[in-house]
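Worksheet: the structure to be examined is printed underneath.
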Amino acid sequence: MGRRTSLQARRSLSESQTNIKFLSIKQIMKLFSVEEANALLPKVRGIAERIQRSHKQLQPHAASAKRAAEAAEQGGGGISNGARYAGILMELTAQMNELESLGVQLKDFKRGLVDFPSLRDGRVVLLCWQLGEGEKLEWWHDLNAGFAGRTPL
């Protein structure tokens, strides 16, 4: 009695599929106007500076971390100052998550290069900024163009 027939199950599935809302690109990723991105830039600058600093602190550990990872595949391995290394990694991860939670994409640790997704002429593009640049965004590029394809706003 409590069993559903396959026809009832198919009908139920069909009804639930018609209730699915399709997400627009704006609901999937945060899209910024130039003004919104510029307003967020001071906060992004601070986060990018901390990311750059943490990344630089990791560099002296790179070779020993690689050796430890390779040894771990063999069932052993460790890293001198492992607790310090892990702490830096945790800081870096937290900073990256903070940036991501704003909807901003980190592109290069060393340069502090970030992108703000935006709409331009009806298509998604990236507003581009890096540490050392001015107080306002000046560049954009297509999704696949990268830094080399930067165009003035």
Given H placed 1.01 Å from N in the peptide plane, which residues other than close sequence neighbours of LYS107 have an amide H under 5 Å from its amide H?
-> LEU113, VAL114, ASP115
Beyond 28 Å (Cα-Cα) in this structure, taken from LYS43/LYS110; LYS30/LYS66; LYS30/LYS107, we find LYS30/LYS66
Would you list, by chain and number, the aspartates and glutamates whose Cα falls below 19 Å from the Cα of LYS56, excluding same-chain residues fewer than 8 positions away?
-> GLU91, GLU98, ASP108
Report the local net charge at SER101: Lys and Arg +1, Asp and Glu -1, summed over other residues whose C-beta lies under 14 Å from its C-beta.
-> 0
Residues ASN38 and ARG123, FRET efficiency given R0 of 22 Å [Cβ-Cβ distance, rounded to 0.05] | 0.60
Rounded to whole Hz, the Karplus (6.51, -1.76, 1.60) HN-Hα couplings of region 36-52, x for glycine and proline | 5, 5, 4, 5, 8, 4, x, 5, 4, 4, x, 5, 4, 5, 5, 4, 4
How large is the charge dipole for region 28-152, taken about the Cα centre, if only the Cβ atoms of Lys, Arg (+1) and Asp, Glu (-1) carry charge, to the nearest 20 debye?
-> 340 debye
Please give the per residue volume of the convex hull enclosing the alpha carbon atoms of region 28-152, rounded to a whole number of Å³.
-> 132 Å³
Once amide hydrogens are built 1.01 Å from N within the peptide plane, the residues lying 5 or more places from LEU153 or on another chain with amide H under 5 Å from its amide H are TRP139, TRP140
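Coordinate-derived values only; no laboratory data. Being a predicted model, the structure only gives us computed values, none of them experimental. Glycine also receives a Cβ, built like all others from the backbone with ideal geometry; neighbour counts cover every protein chain displayed.
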